[in-house]
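A.B. asks: Before anything else, here's the structure in question.
The values are calculated or read from the model by the stated rules, or taken from the named source; none is laboratory data. Everything numeric here is computed off the predicted structure, so don't read it as measured data. Every residue, glycine among them, receives a Cβ derived from its backbone with ideal geometry; neighbour counts consider all protein chains shown. All accessible areas refer to the heavy atoms of the entire protein, side chains included, with ligands and DNA or RNA removed. Shrake-Rupley method; radii C 1.70, N 1.55, O 1.52, S 1.80 Å.
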Amino acid sequence: NGLLTGVSAGQTEITATAGSNVGTCAVTVLGIILKETSVTIRERGNHTLQYEVFGSSLQKQRIEWTSSDSNVVTVNNGYLYGIKEGTATITAVADNGVSGSCTVTVTAAPVAVSSVTLNQTTMTLDVGKTGTLTATVQPADAVNKNITWTSSNTAVATVWSGTVTAV
């Protein structure tokens, strides 16, 4: 019967049809839509929330950004900065009270490799023979534990994935 209910922020067109006659109404439901409803960042990491404002009256309003737990993540004009592991809700509120929100999860910062040790520090091989080296990366939870193997003199020995071949 023509009663409109705003369900979420955005724009739509309402059409009323009687026989072959059509009437339309452009409807804007005021609101702030954050482009992401959930985000994951690392400790000491950052991310900028993208958002859209619906309603010309909101375009000119100041938007206040808040974090439900600034010990986990801080926010400044949509710019997030991860403080420590945890979850917090970021809310953007216009002066008239219209708001949008996003859940932010902060994960532990990547752990850097502190050392690489080999199972052998010396190896003796006959020409044409192979030997195997095994690398251990510390700490065990380090990020990017990929090993790159190289020989300082490939005319003497080559190495591929820890397999040393005497040339």
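A.B. asks: Looking at region 7-26, which of the residues that are open to solvent by less than 60 Å² (accessible area, probe 1.4 Å) and in a strand (DSSP E or B) is modelled with the highest pLDDT?
C.D. replies: Gly23
A.B. asks: Based on what the data block shows, is Thr48 open to solvent by 90 Å² or more (accessible area, probe 1.4 Å), out of contact with any Ser or Thr (no Cβ under 6 Å at 6 or more places or on another chain), β-branched (Val, Ile, Thr) and under 18 Å from Val106 (Cα atoms)?
C.D. replies: So Thr48 fails the test.
A.B. asks: So which of Thr121, Thr105 ends up being of a type in the set (Ser, Thr, Tyr), out of contact with any Pro (no Cβ under 9 Å at 6 or more places or on another chain) and exposed (fewer than 15 other Cβ atoms within 10 Å of the Cβ)?
C.D. replies: Thr121
A.B. asks: Taking Phe54 and the conditions (1) buried (at least 17 other Cβ atoms within 10 Å of the Cβ); (2) over 21 Å from Thr12 (Cα atoms); (3) in contact with a Gly (Cβ under 6 Å, 6 or more places away or on another chain), which numbered condition does it fall short on, given that it satisfies the others?
C.D. replies: Among (1) buried (at least 17 other Cβ atoms within 10 Å of the Cβ); (2) over 21 Å from Thr12 (Cα atoms); (3) in contact with a Gly (Cβ under 6 Å, 6 or more places away or on another chain), the lone unmet condition for Phe54 is (2).
A.B. asks: Turning to a different aspect of this structure: Within the set of pairs 6 or more residues apart or between chains, which connect a residue that is among the small types (Gly, Ala, Ser) and part of a loop (DSSP other than H, G, I, E, B) inside region 27-50 to a residue that is modelled with pLDDT of 95 or more and open to solvent by less than 80 Å² (accessible area, probe 1.4 Å) with Cβ atoms less than 6 Å apart?
C.D. replies: Matching pairs, first to second residue: Gly45/Gly82.
A.B. asks: A follow-up question, please. Given the conditions (1) more than 19 Å from the chain's Cα centre (by Cα); (2) of a type in the set (Ser, Thr, Tyr); (3) open to solvent by 80 Å² or more (accessible area, probe 1.4 Å); (4) under 30 Å from Thr28 (Cα atoms), which single one is not true for Tyr79?
C.D. replies: Only one criterion in (1) more than 19 Å from the chain's Cα centre (by Cα); (2) of a type in the set (Ser, Thr, Tyr); (3) open to solvent by 80 Å² or more (accessible area, probe 1.4 Å); (4) under 30 Å from Thr28 (Cα atoms) is unmet by Tyr79, namely (1).
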